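Notes follow once the structure below has been shown.
The values are calculated or read from the model by the stated rules, or taken from the named source; none is laboratory data. Keep in mind it's a predicted model, so treat the numbers as computed, not measured. Cβ coordinates were reconstructed from backbone atoms using ideal geometry, including for glycine residues, and neighbour counts include every protein chain displayed. Heavy atoms of the whole protein, side chains included, go into the accessibility calculation; ligands, DNA and RNA do not. Shrake-Rupley method; radii C 1.70, N 1.55, O 1.52, S 1.80 Å.
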Amino acid sequence: MRAMPDWKIAVLGDRDSVLGFRALGLDVFPADTAEEARGILHTLAKENYAVIYLTEGYAAQMGDAVERYKDALTPAVILIPGRQGPLGIGMANVKKSVERAVGADIL
């Protein structure tokens with residue numbers, strides 16, 4: 001039987017938004033700026049992270065970096081609300097993906 005790769009899950013965003021995820025056993029990567037988060041995102045993508053949760057606030061400032069992984073098998077970059085609450089970016093991305101998959105907006 002073939003061994004499965006050691007896939008990991010990360011949470012990336014501003015410190016206040018991500019530190020609580022450490023209690024769930026996830027790898028937490030606080031960033032002080034969107035530019036720092038961009039660099040961390042690319043590093044995590046190279047290090048066997050299968051899922052990277054990214055706060056919407058930083059994702060809004062680094063759209064090209066998020067877009068780079070949109071159609072990639074791994075990592076799956078999932079947008080989550082930050083401490084300031086939801087910005088609607090994550091839900092908009094889900095709607096686009098569903099529409100692309102089924103050919104209509106069913107949400």
ask   = If a residue has to be surrounded by 14 or more Cβ atoms within 10 Å (Cβ to Cβ), among the small types (Gly, Ala, Ser) and more than 10 Å from Ala65 (Cβ to Cβ) to count, how many in region 24-47 make the cut?
value = 1
note = The one condition Lys70 fails out of (1) at pLDDT below 80; (2) among the charged types (D, E, K, R); (3) outside any helix (DSSP H, G or I) is (1)
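Residues checked against (1) farther than 23 Å from Lys8 by Cβ; (2) more than 11 Å from the chain's Cα centre (by Cα); (3) modelled with pLDDT of 85 or more:
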{"position": "Ala50", "(1), (2), (3)": "no, no, yes"}
{"position": "Thr55", "(1), (2), (3)": "no, no, yes"}
{"position": "Met62", "(1), (2), (3)": "no, yes, yes"}
{"position": "Ala65", "(1), (2), (3)": "no, no, yes"}
{"position": "Gln84", "(1), (2), (3)": "yes, yes, no"}
{"position": "Leu87", "(1), (2), (3)": "yes, yes, no"}
{"position": "Met91", "(1), (2), (3)": "yes, yes, no"}
{"position": "Glu99", "(1), (2), (3)": "yes, yes, no"}
{"position": "Ile106", "(1), (2), (3)": "yes, yes, no"}
Residues that are in contact with a Leu (Cβ under 8 Å, 6 or more places away or on another chain) and open to solvent by 60 Å² or more (accessible area, probe 1.4 Å), drawn from region 5-23 = Ile9
